[in-house]
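The values are calculated or read from the model by the stated rules, or taken from the named source; none is laboratory data. Quick caveat: nothing in here was measured; it's all calculated off a predicted structure. In this analysis, Cβ positions are derived from the backbone assuming ideal geometry, glycine residues included, and neighbour counts consider all displayed protein chains. SASA here: full protein model, heavy atoms, side chains in, ligands and nucleic acids out. Shrake-Rupley method; radii C 1.70, N 1.55, O 1.52, S 1.80 Å.
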Amino acid sequence: MTATTGTHRLGGCNLCEAMCGLTFTVDGGAITSTRGDSDDPLSRGHLCPKALALGDLHADPDRLRRPIKRVGTTWVEIGWDEAFDLVADGLVRTRRTHGPDAVGVYWGNPMAHSLGALTHGIGGFSPLLGTRNRFSATSLDTLPHFVIHRLLYGHQLLAPVPDIDRTQYFLIIGSNPLVSNGSTMTVPDIANRLKALRNRGGTLVVVDPRRTETARIADRHLYVRPGTDALFLLAVLRSVLVEDRARARPYVDSIDAVAEIVEPFTPEVVAPHTGMSPDDIRAIAHDFAAAPSAVAHGRMGVSTQQHGALCQWAIQALNIVTGNLDSVGGALVAAPAADLIRTKVMKRGELGRWRSRVRGLPEFGGELPTATMADEIVTPGPGQIRSLVVMAGNPVLSSPNGSRLDDALLSLDFMVAFDFYVNETTRHADVILPPAPAVTRDHYDLFHHHFAVRNTSRFTPAVIPKAVGEKHDWEIYRDVALRYRRALGRRFGIASMVESVRLRMSPVRSLDMLLRLSGRGVTLRKLRKAPHGIDLGPLTPSFPQSLHTPDKRIDLLPELIQNEITTLGDRLATADVPTADQLLLIGRRHLRSNNSWMHNAPRLVKGAARHHLLAHPSDLAARGLAAGDTVCVTSASGEITIEVDASDDLMPGVVSIPHGYGHRRGGVRLSVASTLTGPSANDLTDETVTENVTGAAVFNGVPVTMRRVADPGGKHSEPPSVG
Ligand SMILES: Nc1nc2c(c(=O)[nH]1)N[C@H]1C(S)=C(S)[C@@H](COP(=O)(O)OP(=O)(O)OC[C@H]3O[C@@H](n4cnc5c(=O)[nH]c(N)nc54)[C@H](O)[C@@H]3O)O[C@H]1N2
Ligand SMILES: Nc1nc2c(c(=O)[nH]1)N[C@H]1C(S)=C(S)[C@@H](COP(=O)(O)OP(=O)(O)OC[C@H]3O[C@@H](n4cnc5c(=O)[nH]c(N)nc54)[C@H](O)[C@@H]3O)O[C@H]1N2
Ligand code: SF4
Ligand SMILES: [Mo]
């Protein structure tokens, strides 16, 4: 869409990890057009359809502009002052009566994309609560990555990123970057980067139970049975170590031990479980090891499964034993202008310093797995969560067995949500505090530069001013924090003074300090003079100096991983080969959808429904089903009703449902989203089955059955379940 009038303003998109630079046209206080900024050194003019919704979000009549409080079954708009008092009183009352752990905190994905939410929400406000019951979207997402970075490289954020612009062989496992625009890999303009890889004679291989948009443009696509990637990856590692030639760096220890422990995982042994042929597994191993440069990268598909941590370890190990770690065209770590590692803003991350009260799941980096949040709310005893703080999240739709959490929220004494929508989660709150939308705030991506495929730095001031009476998220967190401190009783001393100065410092001022402390020669002043962003060049090798392990060496076989491999081997010895009638559920994403919360933008949701269950035609035929039928899908934790489509993109035995739907719940105030009929995939996922090492959620490879519903509007028909 183009506009001929209005002022052009540069901004950054904060909707996904790609950090695209944008040019907005602003006319009469509204955004009338949005384009990619071709002068941005990282995104080079790229944008996706979601960026257009940034302006729609600003204009959305359903967006809350003032705090609201619940009165009986209705909402009443209130002033900020009253809202801050209600929140401070509610939280302090719980803390006084039941102790600090009785207040739980959950923060969602958009927190990582907002400078002020990071400085004042995750920093600032939430530490004041002093609770061990902290949860976040991390344990629905990247937790296995962070734990493996910590175990191998000594810091959770020390993440080797695919050197996509220079590699000759790119192996993508369980990720669909053509739609997601990359994750733990900030890579705007991925389509052109992958085209360039092919043009320079490179190879793209995708391993995925669905022939995805990314798989379609690959040189090779291999199906893998959901949840069995660890077996596939161990067999690839074995082939490289035993049958090929390992080329690791001198600072890597335990390679022989890895060769020994993966010995039983021959391609022949794992093939029947993974659904891949031994020849294919060997070919991948051989081609990867033989390529002039190669890099493996895995994401949601291999993180949110039972052996997610082992998968992420094996992916790192493959890069390491083939000499591709810290190597041009392999995997390299970024050197961000604002460096959260160097400045020690982000800690190394420790695993299991304490465990969750009810299920004994390990803490990592001060957070417990979200899969057990409902348990902590409903199970009586000391430390039970009685009040909940939800910051920019929608765990009723995003966490496993969301409907159980939905019920659990009803039992809270008090809940506050920081969000601009009354959605499936925030409808349970007593008070909702809405921040001004992203286009009204100064933007710098503190987090994702650590995962970027090129070192760049960009600061963009607010595109349009926030409306009178609105507050930025950082101002809300600051004011709630100050009020909470007061309600708790004033504290004196140096620590308290420092805390109060920090709370009052603006995010931009903190950014300025961070940039200076990072010592990479970028300052806020320089960034203001270069509004398209500063190019700091390609990633460069930096190991072993930049390793955070005490001896600057990598121990390739940490004990936790050793145990995992042994357990997997034992299980494999007794496991049955899966039968043809078993159905395994996986997810999928769509270019015009963003987790659970961009479904209120008409231009994104228009067109054919996207929530349908996709199944292979043979699986439908075997159950007497056809495209267009409505089926009842059942798992160990729940049941949903959904329309099916046939798709031979899916591996037989696999069905796919996207998450983020399920808006038709009472009390939700989303006029567009609540017209969508899709159910929540997370009413099927099982919170009791978690990733073995970290307790992260398992969204992929969930066993389900499906049967026809005779009358879609009424009760389920009775034929016994098949599948
Ligand atoms: N089955 C299944 N489940 C999944 C996944 C999957 O692949 N399959 N993916 C998982 C992943 S990777 C993630 S990251 C999670 C996401 O899970 P969550 O982070 O819990 O949920 P979101 O859908 O991102 O909801 C974000 C909320 O933040 C609000 N919001 C947006 N911007 C702002 C802001 O600037 N300030 C404030 N205060 N609020 C804001 C939105 O209105 C919305 O309510 O879902 C996970 N759940
Ligand atoms: N348009 C859009 N973009 C997004 C988002 C969005 O909701 N919409 N969400 C953002 C967020 S929060 C994140 S974390 C990223 C996620 O980014 P990605 O991880 O790239 O996104 P997904 O589409 O979840 O890709 C997971 C892939 O794993 C496959 N898969 C499922 N199970 C298995 C398995 O057992 N093994 C293997 N090998 N593959 C499997 C799925 O078929 C799917 O293709 O996307 C981000 N970008
Ligand atoms: S790819 Fe991501 S950052 Fe770029 S415009 Fe789309 S949502 Fe925004
Ligand atoms: Mo995510």
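A few remarks follow.
- Filter result for LEU584 (closer than 18 Å to SER656 by Cβ, within 16 Å of ligand 2 (Cβ to nearest atom) and not in a helix (DSSP H, G or I)): yes
- Taking every residue in the range 697-709 that is farther than 19 Å from ARG589 by Cβ and more than 16 Å from ligand 1 (Cβ to nearest atom) and pairing it with any residue that is open to solvent by 30 Å² or more (accessible area, probe 1.4 Å) and assigned to a strand (DSSP E or B), at least 6 positions away or on another chain, the pairs with Cβ-Cβ distances below 9 Å are THR705/THR634; THR705/VAL722; MET706/THR634; MET706/VAL722; ARG707/THR634; ARG707/VAL722; VAL709/THR641.
- So SER277, is it at pLDDT 95 or above, within 21 Å of PRO160 (Cβ to Cβ) and of a type in the set (S, T, N, Q): no
- Filtered by the rule that a residue be more than 16 Å from ILE464 (Cβ to Cβ) and in contact (Cβ under 8 Å) with a residue 12 or more places away in the chain, the range 3-34 gives LEU15, CYS16, GLU17, ALA18, MET19, CYS20, GLY21.
- Take the conditions (1) within 16 Å of ligand 2 (Cβ to nearest atom); (2) of a type in the set (A, V, I, L, M, F, W, C); (3) surrounded by fewer than 23 Cβ atoms within 10 Å (Cβ to Cβ); VAL295 misses just one of them, which is (3).
- Check on THR688, among the hydroxyl-bearing types (Ser, Thr, Tyr), buried (at least 21 other Cβ atoms within 10 Å of the Cβ) and either within 14 Å of ligand 1 (Cβ to nearest atom) or at pLDDT 95 or above (or both): no
- Among the residues of the range 650-667, those identified as more than 18 Å from the chain's Cα centre (by Cα) and either basic (Lys, Arg) or modelled with pLDDT of 95 or more (or both) are LEU650, MET651, PRO652, GLY653, VAL654, VAL655, SER656, GLY662, HIS663, ARG664, ARG665.
- The residue that is nearest to the chain's Cα centre (by Cα), among those in the range 613-625 that are of a type in the set (Gly, Ala, Ser) and either open to solvent by 10 Å² or more (accessible area, probe 1.4 Å) or farther than 30 Å from ILE217 by Cβ (or both), is SER618.
- Residue in the range 207-215 that is surrounded by fewer than 21 Cβ atoms within 10 Å (Cβ to Cβ) and touching a residue at least 24 places away in the same chain (Cβ under 8 Å) present: yes
- Restricting the first member to the range 485-501 and to residues that are farther than 18 Å from SER126 by Cβ, and the second to residues that are part of a helix (DSSP H, G or I), the beta-carbon pairs closer than 9 Å and six or more apart or on different chains are GLY489/VAL92; ARG490/SER496.
- All positions within the range 626-646 that are open to solvent by 20 Å² or more (accessible area, probe 1.4 Å) and more than 14 Å from ASP683 (Cα to Cα): ALA626, ALA627, GLY628, ASP629, THR630, GLU643, ASP645, ALA646
- Residue that is farthest from ligand 4 (Cβ to nearest atom) [pool: residues in the range 647-677 that are open to solvent by less than 20 Å² (accessible area, probe 1.4 Å) and more than 18 Å from SER593 (Cβ to Cβ)]: GLY653
- None of THR228, THR212 is in contact with a His (Cβ under 6 Å, 6 or more places away or on another chain), of a type in the set (S, T, N, Q) and over 16 Å from ALA289 (Cα atoms) except THR228.
- Strands (runs of 3 or more DSSP E) enclosed by the range 1-99 - at least 3 residues per element that are open to solvent by less than 20 Å² (accessible area, probe 1.4 Å) and away from ligand 2 (no atom under 16 Å from the Cβ): 21-27
- The set of residues from the range 170-185 being under 17 Å from VAL453 (Cα atoms) and either within 15 Å of ligand 1 (Cβ to nearest atom) or open to solvent by 10 Å² or more (accessible area, probe 1.4 Å) (or both) comprises SER175, ASN176, PRO177, LEU178, SER180, ASN181, GLY182, SER183, THR184, MET185.
- At least 3 residues being within 30 Å of GLU475 (Cα to Cα) and either modelled with pLDDT of 95 or more or over 20 Å from the mean Cα position of the chain (by Cα) (or both) is the threshold, and among the strands (runs of 3 or more DSSP E) wholly inside the range 358-438 those reaching it are 387-391, 414-418, 431-433.
- For the range 463-481, the set of residues classified as hydrophobic (A, V, I, L, M, F, W, C) and in contact (Cβ under 8 Å) with a residue 40 or more places away in the chain consists of VAL463, ILE464, ALA467, TRP474, ILE476, VAL480, ALA481, listed by residue number.
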